[in-house]
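I have placed the structure first, in the form of structure tokens, so that the comments after it can refer back to it.
The values are calculated or read from the model by the stated rules, or taken from the named source; none is laboratory data. Just so you know, these numbers come straight off a predicted model, no measurement behind them. So basically every Cβ, Gly included, is an ideal-geometry build from the backbone, and we count neighbours across all protein chains shown.
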Amino acid sequence: MIADAQGIPLAVKLTEANRHDVTQLLPLVEAIPPVAGKVGRPRQRPALVQGDRGYDSEPHRQELRRKHIEPVLAKRRTEHGSGLGAFRWVIERTLAWLHQNRRLRIRYERRPDIHKAFLLLGCIKICWNHMVNSSFC
């Protein structure tokens, strides 16, 4: 999952349990839809991407830079204290919001299309709650 600074899901991908996180970084960035709302051309991609040590990969950093996205990814085998922990709680909170739904907390469905449907419903629920509880309405 990739989310904005407020924890609103921007894109989700369903993968097998044994897939490493870094393999899904670029597909998730590509899956972000254009953001409309302001006058002019809609924004196509984020200005920066933050990630923990699981996303440490120099080829991925270079690809993000090529797309004019600043990679803020913690490096493996370095001391803690990069400061990313102050921002990581946002995605952890979003995952906790998804896990409030019992069918997402434990995967009961064998078919991935059904599980993805529940995942999308969970994301819709997060977006709806954000709209209702903010000044959008």
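Working only within the stretch 42-67, note down all residues that are part of a helix (DSSP H, G or I) and of a type in the set (D, E, K, R). Steps first, please.
Our first condition is that a residue be part of a helix (DSSP H, G or I); within the stretch 42-67, this holds for 53-55, 58-66.
Once the filter is applied, which keeps residues that are part of a helix (DSSP H, G or I) and of a type in the set (D, E, K, R), the stretch 42-67 yields R53, E58, R61, E63, R65, R66.
Can you report the number of residues in the stretch 85-104 which are more than 19 Å from V72 (Cβ to Cβ) and surrounded by 11 or more Cβ atoms within 10 Å (Cβ to Cβ)? Before you say what the answer is, go through the steps one by one.
To start, the set of residues in the stretch 85-104 that are more than 19 Å from V72 (Cβ to Cβ) comprises 95-104.
Then keep just the ones that are surrounded by 11 or more Cβ atoms within 10 Å (Cβ to Cβ); that gives 95-101, 103-104.
The qualifying residues number 9.
Output the qualifying pairs, or none if there are none: Cβ atoms under 8 angstrom, residues six or more apart or on different chains, first residue in the stretch 66-81 and closer than 9 Å to R53 by Cβ, second residue assigned to a loop (DSSP other than H, G, I, E, B) and of a type in the set (G, A, S).
Matching pairs, first to second residue: L73/S57; A74/S82; K75/S82.
Just wondering, is there one or more residues in the stretch 71-79 that are on the phi > 0 side of the Ramachandran plot, loosely packed, with under 15 Cβ neighbours inside 10 Å and in a loop (DSSP other than H, G, I, E, B)?
Keep residues of the stretch 71-79 that are on the phi > 0 side of the Ramachandran plot, which gives 77.
From the residues that got through so far, the ones that are loosely packed, with under 15 Cβ neighbours inside 10 Å too are 77.
If we keep only those that are in a loop (DSSP other than H, G, I, E, B) too, we end up with 77.
Yes, the stretch 71-79 contains at least one residue that is on the phi > 0 side of the Ramachandran plot, loosely packed, with under 15 Cβ neighbours inside 10 Å and in a loop (DSSP other than H, G, I, E, B).
Go through the stretch 1-35 and give me each residue that's aliphatic (A, V, I, L, M) and closer than 20 Å to W89 by Cα. First the steps, then the outcome.
As a first pass, look at the stretch 1-35 and keep what is aliphatic (A, V, I, L, M): 1-3, 5, 8, 10-12, 14, 17, 22, 25-26, 28-29, 31-32, 35.
Once the filter is applied, which keeps residues that are aliphatic (A, V, I, L, M) and closer than 20 Å to W89 by Cα, the stretch 1-35 yields M1, I2, A3, A5, I8, L10, A11, V12, V22, L25, L28, V29.
Can you tell me which condition L119 does not meet? The list is (1) surrounded by fewer than 12 Cβ atoms within 10 Å (Cβ to Cβ); (2) at pLDDT 90 or above, and all the others hold.
(1)
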